[in-house]
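A.B. asks: After the structure tokens below, expect a handful of questions from me.
Derivation of every value follows stated rules applied to the coordinates shown; laboratory data play no part. All figures in this text were calculated on a predicted structure; none of them were measured in a lab. Glycine also receives a Cβ, built like all others from the backbone with ideal geometry; neighbour counts cover every protein chain displayed.
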Amino acid sequence: MIGMENLQVINANGAPLFAVLPYAVFQELCRRLRIAEERDELTTFPLEVSEMHALKGYSLVKAWRIYRKMTQRQLASAIGVTQGALSQIEKSEHNQAETLNKLAKALNVTPAQLTLDD
């Protein structure tokens, strides 16, 4: 996960207008974008998912689950695990490929949309 702890949000009229981030983070995002474009794997994220991940620190699994209006219990049932196990999955930055594939199918996303790893 890219460190977003130094992210600054500039608001106007109570709404986010700009995000200011360290130049090194910007360079890393650009590098990842170039790699994705070269692999033809450019992945998109709804603004709501991006905000939950970058501003609230939610894992992508949790952000997508909330975006899809699913409870932990519903998603856990869809992938065949307990709610407690899903809670641990949501807290982990590194999940097994099989788990990511099940989550992606249940959330109707690609596995790449659940991770920022190259």
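A.B. asks: Report Rg (one decimal) and Dmax (nearest whole number) for region 70-118, counting Cα atoms only, units Å.
C.D. replies: 10.1, 30
A.B. asks: Could you compute the longest span of the chain free of GluC sites (Glu not before Pro) located in DSSP loops and having at most 12 other Cβ atoms within 10 Å, not counting the site residues?
C.D. replies: The segment 42-92 is the longest one with no such site.
A.B. asks: What residues qualify as long-range amide H neighbours of Val9, i.e. H under 5 Å apart, gap of 5 or more or another chain, H built at 1.01 Å from N?
C.D. replies: So Val9 has HN proximity to Val20.
A.B. asks: What value in Å³ per residue do you get for the convex hull of the alpha-carbon atoms in the chain?
C.D. replies: Details: hull volume 13.2 nm³, N = 118.
Expressed per residue, the convex hull around the Cα atoms of the chain is 112 Å³.
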